[in-house]
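Structure first, commentary second.
The values are calculated or read from the model by the stated rules, or taken from the named source; none is laboratory data. For clarity, every value in this text was computed on a predicted model and none was experimentally measured. In this analysis, Cβ positions are derived from the backbone assuming ideal geometry, glycine residues included, and neighbour counts consider all displayed protein chains.
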Amino acid sequence: MTDYLDLRSDVFFCTFNCRSIKSSTVEVKNLCETHDIVAIQEHWLLPFELDILANIHGDFLSTGTSAVNVSQNVLVGRPYGGTAILYNNKMLSYRRETALQGAL
(Lines give C-alpha, C1' and ligand atoms only; values in the text may rest on other atoms or scores of the structure.)
Protein backbone atom coordinates (compact mmCIF):
# COMPACT_ATOMS: atom_id res chain seq x y z
CA MET A 1 0.00 0.00 0.00
CA THR A 2 1.35 3.44 -0.93
CA ASP A 3 1.48 6.58 1.19
CA TYR A 4 -0.20 8.70 -1.47
CA LEU A 5 -3.33 8.59 -3.57
CA ASP A 6 -2.75 7.94 -7.26
CA LEU A 7 -5.22 10.30 -8.95
CA ARG A 8 -4.99 8.24 -12.10
CA SER A 9 -7.07 5.69 -10.27
CA ASP A 10 -10.65 6.06 -9.09
CA VAL A 11 -11.58 8.37 -6.24
CA PHE A 12 -14.59 7.10 -4.29
CA PHE A 13 -16.99 9.75 -3.00
CA CYS A 14 -20.23 9.43 -1.07
CA THR A 15 -22.71 11.65 0.72
CA PHE A 16 -24.60 10.81 3.89
CA ASN A 17 -27.40 12.55 5.78
CA CYS A 18 -26.54 11.21 9.21
CA ARG A 19 -29.18 13.00 11.31
CA SER A 20 -26.77 13.24 14.27
CA ILE A 21 -23.16 12.18 13.93
CA LYS A 22 -23.20 11.10 17.56
CA SER A 23 -25.72 8.36 16.77
CA SER A 24 -24.23 7.34 13.41
CA THR A 25 -20.48 7.29 14.02
CA VAL A 26 -20.22 3.58 13.17
CA GLU A 27 -21.96 4.10 9.82
CA VAL A 28 -19.70 7.04 8.92
CA LYS A 29 -16.60 5.08 9.92
CA ASN A 30 -17.74 2.23 7.66
CA LEU A 31 -18.18 4.71 4.78
CA CYS A 32 -14.62 5.90 5.37
CA GLU A 33 -13.42 2.32 4.94
CA THR A 34 -14.80 2.18 1.38
CA HIS A 35 -14.58 5.82 0.19
CA ASP A 36 -11.91 8.50 -0.17
CA ILE A 37 -14.25 11.44 0.48
CA VAL A 38 -17.35 11.39 2.67
CA ALA A 39 -19.68 14.41 2.61
CA ILE A 40 -21.92 14.64 5.67
CA GLN A 41 -25.13 16.59 6.16
CA GLU A 42 -27.16 17.11 9.33
CA HIS A 43 -24.39 16.25 11.81
CA TRP A 44 -26.17 18.37 14.47
CA LEU A 45 -22.92 19.43 16.14
CA LEU A 46 -22.43 22.68 18.00
CA PRO A 47 -19.46 24.82 16.88
CA PHE A 48 -17.31 23.66 19.81
CA GLU A 49 -18.08 19.98 19.04
CA LEU A 50 -16.72 19.94 15.46
CA ASP A 51 -13.55 18.18 16.66
CA ILE A 52 -15.68 15.02 16.98
CA LEU A 53 -15.45 14.76 13.18
CA ALA A 54 -11.65 14.45 13.31
CA ASN A 55 -11.86 11.41 15.59
CA ILE A 56 -14.16 9.23 13.49
CA HIS A 57 -11.43 7.48 11.49
CA GLY A 58 -7.67 7.54 12.01
CA ASP A 59 -6.89 7.83 8.28
CA PHE A 60 -9.27 10.75 7.66
CA LEU A 61 -9.08 14.50 8.12
CA SER A 62 -12.17 16.67 8.38
CA THR A 63 -13.56 20.12 7.89
CA GLY A 64 -17.04 21.19 8.85
CA THR A 65 -19.43 23.93 9.80
CA SER A 66 -22.17 24.08 12.39
CA ALA A 67 -25.59 25.50 11.57
CA VAL A 68 -26.13 26.49 15.19
CA ASN A 69 -25.46 30.05 16.32
CA VAL A 70 -24.31 30.09 19.93
CA SER A 71 -23.13 33.71 19.92
CA GLN A 72 -25.88 34.73 22.39
CA ASN A 73 -24.86 31.90 24.79
CA VAL A 74 -28.43 30.61 24.60
CA LEU A 75 -29.40 27.40 22.85
CA VAL A 76 -33.08 26.75 22.38
CA GLY A 77 -34.20 23.32 21.20
CA ARG A 78 -31.81 20.75 19.83
CA PRO A 79 -28.90 21.41 17.48
CA TYR A 80 -29.73 21.01 13.81
CA GLY A 81 -28.08 21.09 10.41
CA GLY A 82 -24.39 21.26 9.76
CA THR A 83 -22.19 19.98 6.96
CA ALA A 84 -18.78 18.37 6.88
CA ILE A 85 -16.31 16.69 4.58
CA LEU A 86 -14.12 13.84 5.72
CA TYR A 87 -11.26 12.97 3.37
CA ASN A 88 -8.52 10.37 3.37
CA ASN A 89 -5.26 11.93 4.56
CA LYS A 90 -3.60 10.56 1.41
CA MET A 91 -5.46 13.32 -0.44
CA LEU A 92 -3.89 16.10 1.64
CA SER A 93 -1.35 17.06 -1.02
CA TYR A 94 -4.21 17.69 -3.48
CA ARG A 95 -6.20 19.96 -1.16
CA ARG A 96 -6.52 23.69 -1.77
CA GLU A 97 -8.24 25.93 0.77
CA THR A 98 -10.38 28.86 -0.24
CA ALA A 99 -11.93 31.56 1.89
CA LEU A 100 -15.71 31.78 2.11
CA GLN A 101 -17.25 35.19 1.66
CA GLY A 102 -20.48 35.97 3.53
CA ALA A 103 -23.16 33.59 4.69
CA LEU A 104 -23.97 30.47 2.73
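I'm checking my understanding of the structure. Among residues of the stretch 70-104 that are among the β-branched types (Val, Ile, Thr) and modelled with pLDDT of 90 or more, which one is farthest from the chain's Cα centre (by Cα)? Selected residue: Thr83.
State the number of residues belonging to the stretch 34-59 that are part of a strand (DSSP E or B), closer than 30 Å to Gln72 by Cβ and touching a helix residue (DSSP H, G or I) at 6+ places or on another chain (Cβ under 8 Å). Walk me through it before giving the result.
First, pick out the residues of the stretch 34-59 that are part of a strand (DSSP E or B): 37-41.
Filter again for closer than 30 Å to Gln72 by Cβ, leaving 39-41.
With the extra rule that they be touching a helix residue (DSSP H, G or I) at 6+ places or on another chain (Cβ under 8 Å), the set shrinks to 40.
The number of residues fulfilling the criteria is 1.
Of all the numbered requirements in (1) modelled with pLDDT of 95 or more; (2) over 20 Å from Leu75 (Cα atoms), Tyr4 misses one, and that requirement is (1). Taking the stretch 30-69 as the range and being surrounded by fewer than 16 Cβ atoms within 10 Å (Cβ to Cβ), modelled with pLDDT of 95 or more and either more than 11 Å from the chain's Cα centre (by Cα) or more than 22 Å from Glu97 (Cβ to Cβ) (or both) as the test, the residues that pass are Asn30, Glu33, Thr34, Gly58, Asp59. The single condition among (1) in contact with a His (Cβ under 9 Å, 6 or more places away or on another chain); (2) farther than 27 Å from Ala99 by Cβ that Glu27 does not meet is (1).
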